[in-house]
Amino acid sequence: MKKNHLLHRLSGFALRVLTVAVMLTVLAVAHADDKERIQNPMLWADVPDPDVIRVGDTFYLVSTTMHLMPGAPVMKSKDLKNWETVGYIFDKLTDSPKYDLLEGTAYGRGQWATSLKYHNGRFYALLAPNERGAMGDTYIFSAEKAEGPWNLVSRMRHFHDCSLFFDDDGRVFVVYGTGELMELKPDLSDVIEGTYMHIFQREADETGLLEGSRMIKHNGKYYLLMISHVYAPGRHRREVCYRADDIHGPYEKAVILESDFGGFGYIGQGTIVDTEDGDWYGIIFQDRGGVGRVLTISPCRWIDGWPMIGDENGKVPDSMRPLKSNQPVTGIVKADAFDDTKLGLHWQWNHNPVDQAWSLTARPGFLRLKTNRVVENIFLAPNTLTQRMEGPGCSGVVAIDFSHLKDGDCAGFSAFNSDAGTLTIKKKGGKCVLEMSEQSVSLTDREKAVKEVKEKVVESVDLKGKTVFLRIDGDFRRGERGGRDLATFYYSFDGENWVKIGSDFRMRFDWRRFFMGSKFAIFCYATKKQGGYIDVDYFDYHKDFNKSLWDEE
């Protein structure tokens, strides 16, 4: 009896152990599944005006980067979760000295809302800078591979927020503005005169924003997706769709997404894309303050012939399963040791770079930024190098050798936008100081010329030696009113022990000036004479940063 009782107790214990083991396994699997899922925002960074296509098993995405060069970034993904930048459609725009920060600027202008297509074995991209005159001409580029090289096919009149469209019969169209259409010549060299038409008229209640054209064809019907925003109480930003049996109309309309998400307001502007298996997804951006316009992903279901975006309640979901499992983890923002002889595709210059004033070979393993023009402020400084900041949190560190600066030179690291929080190394006489400052630029409406820069120096410290480590943390989590959007600044002399400097800086998104999310920016410019330079040893980067990763004083 005692033996049987003992066996019973042991079997009960074993059962409990087995139960706990099963529960732990279930939890581990659930945790792994949660980590594997696509968390919305799909890209919590400034990736506005998306166009997305699929070629085979690969998705390609283009976005607006305006005054940043190279421009029109092309990103790719196999699973709609892990994206990486694989090329740019052009290196520079050269129609005006504005692109070189001369005779005005191109802030908030430049490349907008590129349309990406794949037709007869080639990629095509159509874009129109948001400018007047020849600067606003529409460009059409083509390439055999999305990675490039891209070649210019043609230039023609301006088409705002346009969509290139290849029909099944070989005819080619551009849809733009608010329901405007023109046919292009078969070789894409220009429009066919006399083909202009308005394919639909606004309804009485469509009195606000109605743009961002994305045209697709599905089951013989034409679908034009657009962002709509009526500026009236109780009205929200939304994605609408116009549908017709003929590209020239008549069109009928439906609202296909009207959803807020994450406490940041309503979603708007994007497109839909299918998978090899015939499933569909909607990829739509959302305004999120200082970080910029982020991308969300949602299921898209065809209901009564309409591409309805969102979950079963018509809302953007918190997360989704990736299209494929166990794909390599990639990102569009990356650390860099500057060990290569070519600049990584994750970097973009603020306006056109001055190529002779930067180098990755002058001192191998370092990025050298040389002063090349005497300017008054960072907003006119050539060769400012940028990457996006990301939510919910991110942290960037640069190691800078400042020993070759000349009197009047300014160099450093910034949370850069039209309102910028900045760590500036200033050479004053025989010594260097580090300043944490808040800077704000005013621009003229037409030329985007710099009218005024307000600078408030919050804290200044003397520098010693020849190397300093500068760090900026960005916090874009949900706050009481939208995003927290806080940048916090640190310096170190050994790269391990950090000292906070200045005050937290509130990052802002202003569509009237830069129209862009905040960027990490590395800069070096002269205010008195040319010839100085800095050597940047590395850019270190952490996303979803945890302050416990760093030792702070």
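Quickly run through segment 92-107 and pick out the residues that are under 25 Å from TRP44 (Cα atoms) and open to solvent by 20 Å² or more (accessible area, probe 1.4 Å). Within segment 92-107, none qualify.
Across segment 190-200, not a single residue is classified as open to solvent by 30 Å² or more (accessible area, probe 1.4 Å), modelled with pLDDT of 95 or more, under 30 Å from THR58 (Cβ atoms) and not in a loop (DSSP other than H, G, I, E, B). In this structure, LYS454 qualifies as within 30 Å of ASN130 (Cα to Cα), open to solvent by 10 Å² or more (accessible area, probe 1.4 Å) and free of Cβ contacts under 8 Å to residues at least 60 places away in the same chain.
Scanning segment 250-299 for residues that are buried (at least 22 other Cβ atoms within 10 Å of the Cβ) and assigned to a loop (DSSP other than H, G, I, E, B) gives SER259, ILE267, GLY268, GLN269, ARG288, GLY292. Scanning segment 314-366 for residues that are of a type in the set (Gly, Ala, Ser) and open to solvent by 70 Å² or more (accessible area, probe 1.4 Å) returns a single hit, SER325. Under the condition of being in contact with a His (Cβ under 8 Å, 6 or more places away or on another chain) and polar (S, T, N, Q), the residues counted in segment 343-383 number 1. The number of residues in segment 424-441 being exposed (fewer than 14 other Cβ atoms within 10 Å of the Cβ) and either among the aromatic types (Phe, Trp, Tyr) or in contact (Cβ under 8 Å) with a residue 12 or more places away in the chain (or both) comes to 3. Are there any pairs, at least 6 apart or on different chains, whose C-beta atoms fall under 8 Å, with the first in segment 532-547 and open to solvent by 40 Å² or more (accessible area, probe 1.4 Å) and the second at pLDDT below 95 and not in a strand (DSSP E or B), and if so, which? Within 8 Å, the pairs are HIS542/LEU549.
Which of the residues spanning segment 509-527 are touching a Phe, Trp or Tyr at 6+ places or on another chain (Cβ under 7 Å) and of a type in the set (Asp, Glu)? None; the set is empty. Mind listing just one residue for me: the one in segment 147-189 that is among the β-branched types (Val, Ile, Thr) and either within 21 Å of ALA72 (Cα to Cα) or without any contact (Cβ under 8 Å) to a residue 12 or more places away in the chain (or both) and, of those, surrounded by the fewest Cβ atoms within 10 Å (Cβ to Cβ)? The residue in question is VAL153. How about segment 470-490: which of its residues are open to solvent by 30 Å² or more (accessible area, probe 1.4 Å), touching a residue at least 60 places away in the same chain (Cβ under 8 Å) and either out of contact with any Pro (no Cβ under 6 Å at 6 or more places or on another chain) or closer than 14 Å to MET436 by Cα (or both)? Once the filter is applied, which keeps residues that are open to solvent by 30 Å² or more (accessible area, probe 1.4 Å), touching a residue at least 60 places away in the same chain (Cβ under 8 Å) and either out of contact with any Pro (no Cβ under 6 Å at 6 or more places or on another chain) or closer than 14 Å to MET436 by Cα (or both), segment 470-490 yields only ARG478.
The values are calculated or read from the model by the stated rules, or taken from the named source; none is laboratory data. Only a predicted model underlies this, so the values are computations on that prediction, with no experimental measurement involved. Using ideal geometry, Cβ is built from the backbone for each residue, glycine included, and neighbour counts are taken over all protein chains shown. To get the accessible areas, we keep the full protein, side chains included, count just its heavy atoms, and leave off ligands, DNA and RNA. Shrake-Rupley method; radii C 1.70, N 1.55, O 1.52, S 1.80 Å.
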